[in-house]
1. Going out from 0 in 5 Å bins, what whole percent of all Cα-Cα distances in the range 1-137 drops into each bin?
2. Could you pull out every residue, at least 5 positions away or on a different chain, whose amide H is within less than 5 Å of the one on A25? Hs are placed 1.01 Å off N in the peptide plane, and Pro or chain starts have none.
3. Taking the solvent-accessible surface of protein heavy atoms with a 1.4 Å probe, what is the per residue accessible area of the range 241-363 in Å²?
4. Pick from A53, A99, A81: which is most flexible by mean-square fluctuation in a GNM of the chain where alpha carbon atoms under 10 Å apart are linked?
5. Would you kindly state how much longer the chain becomes between D106 and Y86 on full extension, computed as 0.36 nm times their sequence separation minus their alpha carbon distance, in nm to one decimal?
6. Within the accessible area of the range 1-132, what % is carbon and sulfur when the probe is 1.4 Å and the other protein chains stay in place?
7. Report, in cubic angstrom per residue, the convex hull volume of the C-alpha atoms of the range 291-363.
8. Please give the contour-minus-distance gain from E147 to S302: 0.36 nm per residue of separation, less the Cα-Cα distance, rounded to one decimal in nm.
Amino acid sequence: MKGEAAPRPWNLVAELTYRCPLRCAYCSNPLDHASRRDALSTEDWARVFREAALLGCVHVGLTGGEPAARRDLAALVAAAAEAGLYVHLVTSGAGLDAAALERLRDAGLRSVQLSLQDADEAEADAMAGTEAHAAKLAFAAAVRASELPLVLNVVLQRRNLDRVPEIVALARRLDAERLELANVQLHGWALANRDALLPTRAQLERASEAVRAARREGRRPEILFVLPDYYADRPKPCMGGWGRKTLVVTPEGRVLPCHAAASLPALEFWSVPGRALRACWEDAPGMNAFRGEGWLPEPCRSCPERGRDFGGCRCQAFALAGDAAVTDPACVLAPRHDVVLDARRAAEREPPPLRLRGRQAQP
Ligand code: SF4
Ligand code: SF4
């Protein structure tokens, strides 16, 4: 299927590895990540960075898994900076101390996003499947001591949603520039844990009020908070639209429109270094499958909101309705919105125990 002409991407998401010492129950990595190996060498990644910059990217997020699990992380930061990209590290903080951070900053790192699971240490460690919280706080202090901007990302789910005021207070103590309160995205392990993670509507309303109160104080950090798809009645414009703004390169070198797209069957994506990044972005059949508006089904095709949300998330449509080419069931107008209503009803019942992310294969 050939869609519209490929636009210029501006953001590269470089998934350096699926390895990670944490085992978060909401991890969006693929369920079979433990059997997947890092396929790209330092030089392969350096080429990806150069080609991404030529395609138009100005920003790279180095992510994973845990990017610090790559021993060549400083060399990768240097290569991305040399390519002219703004280098942003997305990390759990695991395996990074002040000295390592200094090396990364000297190599060209410009900002850091640290994930926290909770403001409560015991709950945070339970969600991460390991004792990590105290080390994360120390790492946050090291980021600020190095004068790098600090973004905190906290995945909100039913076990921490009632602690939004404590999370905001912690972000202020850590001197974060921005706090991303990211309602859990139900992909990968998170989808397997849906009934344990999905909050109730009452919890979301309390959290929304807590965010409004914190914003009214007019102090740092800037707070990002959007209602989760399952309660929003309209889907998000996932990744700003399929193959429109962001390109993702996986640890195996596959070039995708979003990190979850690997879960979609029957779509052909191409890989680096065997092909040029431009070809993978512009010409791969999978990349063009849902570009633009030509593929849209009803009711999206005749909906005035199609230019805003592009019919929602393809991976969510596949996960919930079994077909990536239908309207995202998160939309109240979708023929399969019933599955979202069922999930909301399930969230009102006692949640099942968490299932932690599977153990990693070692390199
Ligand atoms: S969500 Fe947790 S387990 Fe998954 S990559 Fe991030 S830190 Fe590691
Ligand atoms: S029908 Fe389609 S285009 Fe309209 S709001 Fe729902 S998902 Fe968006």
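1. 2, 10, 18, 20, 18, 15, 10, 5, 2, 1, 0
2. R357
3. Details: 5300 Å² over 123 residues.
Spelled out: the 1.4 Å probe surface of the range 241-363, per residue, equals 43 Å².
4. Most flexible of the set in this elastic network: A99.
5. Numbers: separation 20, 0.36 × 20 = 7.20 nm, distance 1.37 nm.
Gain on extension, D106 to Y86, equals 5.8 nm.
6. Details: 2740 of 5400 Å².
Carbon-and-sulfur percentage of accessible area, whole number: 51.
7. On the way: hull volume 10.2 nm³, N = 73.
So the per-residue hull volume is 140 Å³.
8. On the way: separation 155, 0.36 × 155 = 55.80 nm, distance 4.99 nm.
Extra length from E147 to S302 when fully extended: 50.8 nm.
The values are calculated or read from the model by the stated rules, or taken from the named source; none is laboratory data. Everything numeric in this text was worked out from a predicted model, so none of it was measured. Cβ: placed from backbone, ideal geometry, glycine included. Neighbour counts: every protein chain shown. Only protein heavy atoms, including side chains, enter the accessible area calculation; ligands, DNA and RNA are left aside. Shrake-Rupley method; radii C 1.70, N 1.55, O 1.52, S 1.80 Å.
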